[in-house]
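Enquirer: What follows is a structure written as structure tokens; I'll ask about it next.
We did not get these values from a lab; they are worked out from the coordinates using the rules stated. Worth saying up front: this structure is predicted, and the values here are computed from it rather than measured. Cβ sites come from the backbone with ideal geometry, for glycine too, and all protein chains shown count toward neighbours.
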């Protein structure tokens with residue numbers, strides 16, 4: 001018995017030998033959960049997403065929270081539950097309509113990242129923050145000095161000076 | 001059987017033609033996910049809306065000065081084989097190939113830049129470079145994005161940045177993927193080190209064609225998962241100064257260790273692979289990829305001298321099912337492909 005070839009964590013309990021379109025023999029060894037993810041195994045799936053169920057369970061009694069799952073975007077017509085089931089939002093406005101539950105989900109997905117840092121459309125007049133470039137250039141300068149690449153270091157130094165005085 | 005892509009199959013894409021650290025790093029790819037304000041995301045877009053999105057993007061590309069001479073293909077109208085060919089060349093995703101409704105791809109003749117229209121997001125812009133060229137790829141895609149943005153009103157949110165259909169891409173909408181060839185780490189059973197290095201930086205390791213694909217022929221893709229809360233330069237730095245040098249070092253160490261301590265095992269792998277490729281009469285693409293992988297390593301450890309890297313890189317691409325059928329000029333079933341593949345490889349190797 002080996003580990004699941006997909007998650008490499010759980011014991012592989014699902015073994016499948018198949019012939020693919022190429023005519024090649026394909027062997028798969030998966031745990032139940034990965035086999036289900038890949039649509040190879042079909043447990044009697046509850047129609048409601050498990051997370052959704054838990055969320056609404058935890059939220060029961062807090063009326064404001066349980067109403068979250070009833071949220072519907074008037075622009076595209078998608079509900080929060082629909083989004084959770086299909087994984088795709090319906091329009092840009094959903095990010096505001098579903099702001100509260102979505103923000104929690106997004107933070108979880110992005111390792112705590114909650115707000116955008118980086119490029120912004122020029123049309124918004126919010127050019128890239130110069131301090132960010134400066135920080136990056138200073139680090140590159142340190143690296144160049146450490147690597148004794150003085151030609152690059154000199155070039156970086158000039159760019160940093162230019163940014164600092166601008 | 002002829003079509004717009006007949007010539008395309010005859011040569012390798014520019015991004016397969018070597019580059020910095022190309023003995024280990026095959027290619028660098030960056031893609032940006034963008035949506036246009038005023039249109040719903042694609043799960044809520046009807047046929048009319050998809051058409052309007054496509055027209056808006058086409059118009060923007062003709063006006064954008066960073067983009068010219070683009071080849072435009074209507075993916076919806078292409079036959080299955082042409083769509084598969086585009087997937088094999090990494091010009092479109094499997095999702096885009098298998099999707100439905102009006103959808104397009106625009107790419108430049110050297111295939112270094114491609115724009116998918118109406119994939120999961122309105123636009124998926126990608127730049128591919130050979131070897132490790134992350135900064136160069138970013139500079140290029142940043143300019144293309146600027147040029148398009150001058151003519152398109154992107155969906156952008158003060159808190160969440162560039163809005164995407166799936167919240168996993170929101171923020172920068174960037175995905176950096178570096179494709180690596182790690183035969184020695186597989187032979188020495190040390191691939192777990194790669195997984196660990198990637199996990200430490202919160203990066204994912206996948207197979208040749210990205211999401212949901214297996215590693216074939218010792219090729220792996222390392223890509224970022226986090227797109228919110230970190231700027232593009234920070235994400236790029238994680239690759240350039242963090243995870244990639246580390247993995248390259250592991251692979252180099254594994255190759256050196258094999259040469260020093262187990263030269264017979266190394267030579268055996270390389271020359272058996274060579275023998276199989278030179279003599280097989282029936283060969284599947286997975287088997288061929290695995291042997292080509294060992295021969296590729298053989299070139300880089302100075303064992304194989306009769307084959308040049310260019311030929312080998314072309315073979316990796318051309319032994320895949322759609323390429324094989326395109327080059328042959330007819331449709332082939334599984335067994336016929338195995339025959340054709342074996343004879344194609346034999347012919348190419350004997351030319352050298």
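Enquirer: Per-residue mean of other chain beta-carbon atoms within 10 angstrom of the beta-carbon, peptide A:100-111?
Expert: On the way: counts 0, 0, 3, 3, 0, 2, 9, 2, 1, 9, 11, 6.
Across A:100-111, the average partner-chain Cβ count within 10 Å equals 4.
Enquirer: With Kirkwood's inverse mean 1/r over C-alpha pairs for Rh, give me the Rg to Rh ratio of the protein assembly as shown, two decimals please.
Expert: 0.97
Enquirer: Let me ask something else. State the extension gain, in nm to one decimal, for the chain segment bounded by residue B:189 and residue B:249, taking 0.36 nm per residue of separation less the distance between their alpha-carbons.
Expert: Numbers: separation 60, 0.36 × 60 = 21.60 nm, distance 1.54 nm.
Between residue B:189 and residue B:249, full extension yields an extra 20.1 nm.
Enquirer: Points 7 angstrom from Cα along the Cβ direction at residue B:259 and residue A:154: gap in nanometres?
Expert: Rounded to a tenth, the inter-label distance reads 3.6 nm.
Enquirer: Report the FRET efficiency, 1/(1 + (r/R0)^6), for residue A:124 and residue B:143, where r is their Cβ-Cβ distance and R0 is 25 Å, rounded to 0.05. Kindly include the intermediate steps, with their values, before the conclusion.
Expert: On the way: r = 18 Å, r/R0 = 0.73.
Taking R0 as 25 Å, the efficiency between residue A:124 and residue B:143 is 0.85.
Enquirer: Once the Cβ-Cβ distance between residue B:333 and residue B:95 is put in as r, and R0 is 30 Å, what FRET efficiency do you end up with, to the nearest 0.05?
Expert: Values: r = 26 Å, r/R0 = 0.86.
FRET efficiency, residue B:333 to residue B:95: 0.70.
Enquirer: Answer rounded, prolate or oblate for chain B, using the Cα gyration tensor with square roots of eigenvalues a ≥ b ≥ c: rounded when a/c is under 1.5, else prolate when a/b is larger than b/c, else oblate. Write out the running numbers ahead of the final one.
Expert: Details: a/c = 2.29, a/b = 1.39, b/c = 1.65.
Cα axes put chain B in the oblate bin.
Enquirer: Take residue B:311 and residue B:150, extend 7 Å from each Cα along the Cα→Cβ direction, and tell me the distance between the two endpoints in nm.
Expert: About 4.6 nm separates the two model spin labels.
Enquirer: Another question about this same structure. How far is helix B:263-279 tilted off the main Cα axis of chain B, in degrees rounded to 10, range 0 to 90?
Expert: 80
Enquirer: Now a separate question. What distance in nm separates the simple spin-label points at residue A:27 and residue A:105, each placed 7 Å from Cα in the Cβ direction?
Expert: It is 3.9 nm.
Enquirer: Still on this structure, please answer the following. Defining a contact as two alpha carbons under 8 Å apart and six or more residues distant in sequence, what relative contact order in percent does chain B show?
Expert: Numbers: 583 pairs, mean separation 70.4, N = 352.
Relative contact order for chain B comes out at 20 percent.
Enquirer: May I pose another question? Hey, got the average number of other protein chain Cβ atoms within 10 angstrom for residues in B:334-341? Please list the in-between numbers first.
Expert: Values: counts 6, 2, 1, 3, 3, 0, 0, 1.
Per residue, the number of nearby Cβ atoms from other chains is 2 on average.
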